[in-house]
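So the structure is just underneath, and the comments pick up after that.
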Amino acid sequence: MKNLSPRQQEILKLIKQKGNLSVEEIQKAIGISQATAYREIQELSRMGLGAKIPGGISQIENSPTRCVQCRGETNARTLFIIELKDGEKLSACCSHCGMMALANNPNVSTAMTVDFIYGKMLNVSQAWYVLNSNVVLCCSPSILSFSSREDAIRFTQGFEGEVMDFPNAQKNLNQMMTLIQL
Ligand SMILES: [Zn+2]
Ligand SMILES: [Zn+2]
């Protein structure tokens with residue numbers, strides 16, 4: 001665990017056992033003040049180890065996963081999952097954020113994306129991408145993933161955009177993001 005105080009580890013253990021904890025339960029279990037309990041909740045949710053709920057904290061599995069790149073909510077239609085060499089898994093809200101996160105992480109073991117039509121997982125390097133179509137579900141410029149080039153082309157006939165393989169999609173995204181920052 002990354003730099004957790006013994007108190008935070010204790011709270012985390014309780015969250016795992018019970019699913020969620022109220023501020024009072026934390027106060028009683030650890031023997032701390034209400035203000036301190038709130039502070040610990042704040043801190044644990046900031047580290048992504050728990051989710052704040054009204055008057056307490058719950059296990060992160062019970063709440064929507066946040067995108068590693070933009071902190072937006074992830075959704076099953078556009079999910080992008082990066083597995084690091086140490087086994088840690090990062091979720092991104094869409095291929096846009098996923099590709100940005102890939103560029104920021106040198107220790108990637110595998111990365112998967114979801115086919116926009118069929119909803120099945122694809123290896124990132126085998127997927128085809130439509131950049132800049134009219135369908136913007138979360139991040140812009142939008143990037144959608146497809147398992148076949150034919151599907152991607154058919155999609156652009158209705159919703160515009162450009163069909164690219166993985167290296168080109170990544171290159172283009174980088175260029176577009178650099179232009180936005182200028
Ligand atoms: Zn995102
Ligand atoms: Zn997104």
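Against the chain, whose longest principal axis is taken from its Cα atoms, helix 34-46 shows a tilt of about 20°. In the chain, excluding the sites themselves, the longest stretch lacking any of the GluC sites (Glu not before Pro) that are in a DSSP loop with at most 12 other Cβ atoms within 10 Å is 1-87. Against the chain, whose longest principal axis is taken from its Cα atoms, helix 166-181 shows a tilt of about 70°. I need the shape label for the stretch 80-181. Rule: rounded when a/c is under 1.5, else prolate if a/b > b/c, else oblate, with a, b, c from the alpha carbon gyration tensor. Note, shape of the stretch 80-181 comes out oblate. The charge dipole of the chain, taken about its Cα centre with unit charges on the Cβ of Lys, Arg, Asp and Glu (plus for the first two, minus for the last two), comes to roughly 480 debye. Between Glu43 and Gln9, the modelled label-to-label distance comes to 1.4 nm, taking each label 7 Å out from Cα in the direction of the beta carbon.
Once you order the gyration tensor axes a ≥ b ≥ c over the Cα atoms, which shape class does the stretch 6-62 get: rounded for a/c under 1.5, otherwise prolate or oblate by comparing a/b with b/c?
rounded
Each distinct pair of alpha carbons in the chain adds a 1/r term; the inverse of their mean, the Kirkwood radius, is 18.1 Å. Net charge dipole, the stretch 136-175: roughly 80 debye, given to the nearest 20, about the Cα centre with Cβ charges of +1 for Lys and Arg and -1 for Asp and Glu.
Mind checking which of Ser109, Ser45, Ser33 has the largest fluctuation in a GNM of the chain, springs on alpha carbons under 10 Å? Comparing Ser109, Ser45, Ser33 in the GNM, the peak value goes to Ser33.
The chymotrypsin sites (Phe, Trp or Tyr not before Pro) found in the stretch 94-130 that occupy coil by DSSP, while having at most 12 further C-beta atoms within 10 Å, are Tyr118.
Between Gln8, Cys67, Ala92, the Cα set farthest toward the positive side of the dipole of the chain (charges on each charged residue's Cβ, about the Cα centre) is that of Gln8. Restricting the trypsin sites (Lys or Arg not before Pro) of the stretch 1-92 to loop positions (DSSP other than H, G, I, E, B) with no more than 16 neighbouring Cβ atoms within 10 Å leaves Lys2, Arg71, Arg77, Lys85. Placing +1 on each Lys and Arg Cβ and -1 on each Asp and Glu Cβ, with no other charges, gives the stretch 87-182 a dipole about its Cα centre of roughly 120 debye. Mind pulling the angle between the C-alpha long axis of helix 6-18 and the longest principal axis of the chain? Nearest 10 degrees, somewhere in 0 to 90. Helix 6-18 and the main axis of the chain meet at about 70 degrees.
Each value in this text was obtained by applying a stated rule to the coordinates, not by laboratory testing. Just so it is clear, the structure is predicted and the values come from calculations on it, not from any experiment. Neighbour counts run over all protein chains shown; Cβ positions are idealised from the backbone, glycine included.
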